[in-house]
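The values are calculated or read from the model by the stated rules, or taken from the named source; none is laboratory data. It should be emphasised that the depicted structure is a prediction, and the values quoted were computed from it without experimental measurement. Glycine also receives a Cβ, built like all others from the backbone with ideal geometry; neighbour counts cover every protein chain displayed.
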Amino acid sequence: MQGAEPILSLKAVRKMFGQHAAVDSIDLDIAEGEFFTIVGPSGSGKTTMLRMLAGMDTPTSGDILLKGARINDVPANKRPTCMVFQSLALFPHRTVGQNIEFPLKIRGEAPEKRKARALQLMDLLRLPQSHYAKNVMKCSGGERQRVALARALAYDPQILFFDEPLSAIDYKLRKTLEKELKDIHRETKKTFVYITHSLEEAMVMSDRIGVMRAGKLVQVGTPQEIYTTPNTRFVSEFVGDVNVMPVSLDSGGMLHAKGFGARFKPPNLPQGFREGHLVIRPEYIRFLSAAPEADNALPGRVYNEYALGSRIQYQVRVGDSVFLVEKLRQQPFSGQLDDEVFIGWDAADAILVTD
Ligand code: ATP
């Protein structure tokens, strides 16, 4: 993939609605075969971006290139791409087989060939072949989602676009389908471009993630990069529970934490850093038996605990602030609620962000 021409390129792409830039000067390259996910809160411009990529809308300015050719004005049905919708858009009175075969039928393929391909896609999507003649409305939500994906794959598109396809599905099934989708991506080797407001979903499936905020792409990176080195406070908080403290660099090279009357040893300093926020993930904070056991420490009181499946999260009050500390369930905090404790972290386990 490295060095090859990107399958999709955005050059300063902007979409205005009146005075409002829903998508604002986005530059992005997506590699062939990549699973790229765009995440962002509601209203950040994800749908607008995807609609332009899929040819359902045109940019106000900028260019969209498919393998180097400008496709700004090429309509959706003339592009070698296909959209998989959340609303499914299946033909309700048709069978599973008829739905999957639809793209093959309009292409004029013979019935036996269509059926063979539909059964092959059903296998790929783990749909029992006995469902071939079943009315699609008699299928479960998860099965219908698989039929929709099988139909999209029957078009044999170069790129599949996904518009929050799993958002209406219950948690357990969604978790299963996320993994299946990643498997299908591996098996088909197609380019997947996916939008979701759930970073957790993006983390599970994607090769790379682009985080959107107010029409701008604020960070692009692998799930690991987005998680461990968010470039702004916004991205760090979007990833999940974090501890965030406003800090400034003092003349002795230490971080002065406003509101705590404390000085901390800093992690790597971003170039030119003077002030910003120190971000520490709950799993990097430890309970200490004595303050010097970590580079940085604060005294606090254990206020509450929450079971999070394989982990337990503790709320520790430090002055008027609350810190979140997470431990693995098999290695819980050995004390009790209301205990006076020291919590601490090593400098290298924190991140400094300027925004
Ligand atoms: P959600 O997660 O809620 O679907 P989103 O990130 O997909 O949100 P968009 O639907 O792309 O966001 O909307 C981005 C911004 O553009 C919003 O402020 C929205 O109100 C505005 N917008 C979207 N479509 C139109 C339109 N057709 N006319 C005017 N404004 C629009």
Got at least one residue in the stretch 84-92 being more than 16 Å from the ligand (Cβ to nearest atom) and under 22 Å from Ala202 (Cα atoms)?
-> yes
Which residue pairs have Cβ atoms closer than 6 Å, lie 6 or more positions apart in sequence or on different chains, and pair a first residue in the stretch 33-53 that is within 22 Å of Asp63 (Cβ to Cβ) with a second residue that is polar (S, T, N, Q) and more than 7 Å from the ligand (Cβ to nearest atom)?
-> Glu34/Thr191
Sole exception among (1) surrounded by fewer than 22 Cβ atoms within 10 Å (Cβ to Cβ); (2) modelled with pLDDT of 95 or more; (3) in contact with a strand residue (DSSP E or B) (Cβ under 7 Å, 6 or more places away or on another chain) for Ile38, by number = (1)
Any idea which of (1) within 16 Å of the ligand (Cβ to nearest atom); (2) part of a loop (DSSP other than H, G, I, E, B); (3) crowded, with 16+ Cβ neighbours inside 10 Å is the one Thr48 doesn't satisfy?
-> (2)
For the stretch 96-122, pairs from a residue that is without any contact (Cβ under 8 Å) to a residue 12 or more places away in the chain to a residue that is assigned to a helix (DSSP H, G or I) and β-branched (Val, Ile, Thr), with Cβ under 8 Å and 6 or more apart or across chains, are none
Residues (of a type in the set (A, V, I, L, M, F, W, C) and more than 15 Å from the chain's Cα centre (by Cα)) located in the stretch 50-75 = Met52, Leu53, Ala54, Met56, Ile64, Leu65, Leu66, Ala69, Ile71, Val74
Output for the stretch 6-21, where each listed residue is among the aliphatic types (A, V, I, L, M) and within 15 Å of the ligand (Cβ to nearest atom) = Leu10, Val13, Met16, Ala21
Run down Glu187, Glu178 and say which single residue is of a type outside the set (Phe, Trp, Tyr) and surrounded by fewer than 19 Cβ atoms within 10 Å (Cβ to Cβ).
-> Glu187
Restricting attention to the stretch 56-83, the residues that are within 16 Å of the ligand (Cβ to nearest atom), under 18 Å from Thr191 (Cβ atoms) and not aliphatic (A, V, I, L, M) number exactly 0
Residues satisfying the stated conditions in the stretch 87-118, i.e. crowded, with 17+ Cβ neighbours inside 10 Å and under 13 Å from Arg146 (Cα atoms) | Leu88, Leu90, Val96, Gly97, Asn99, Ile100, Ala118
Quickly run through the stretch 22-35 and pick out the residues that are assigned to a strand (DSSP E or B) and more than 16 Å from the ligand (Cβ to nearest atom).
-> Asp27, Asp29, Ile30, Phe35
Evaluate the stretch 284-291: report whether one residue or more is buried (at least 16 other Cβ atoms within 10 Å of the Cβ), touching a Pro at 6+ places or on another chain (Cβ under 7 Å) and farther than 15 Å from Phe264 by Cα.
-> no
Filter the stretch 119-129 for residues that are part of a helix (DSSP H, G or I) and not charged (D, E, K, R); the one that is surrounded by the fewest Cβ atoms within 10 Å (Cβ to Cβ) is Gln129
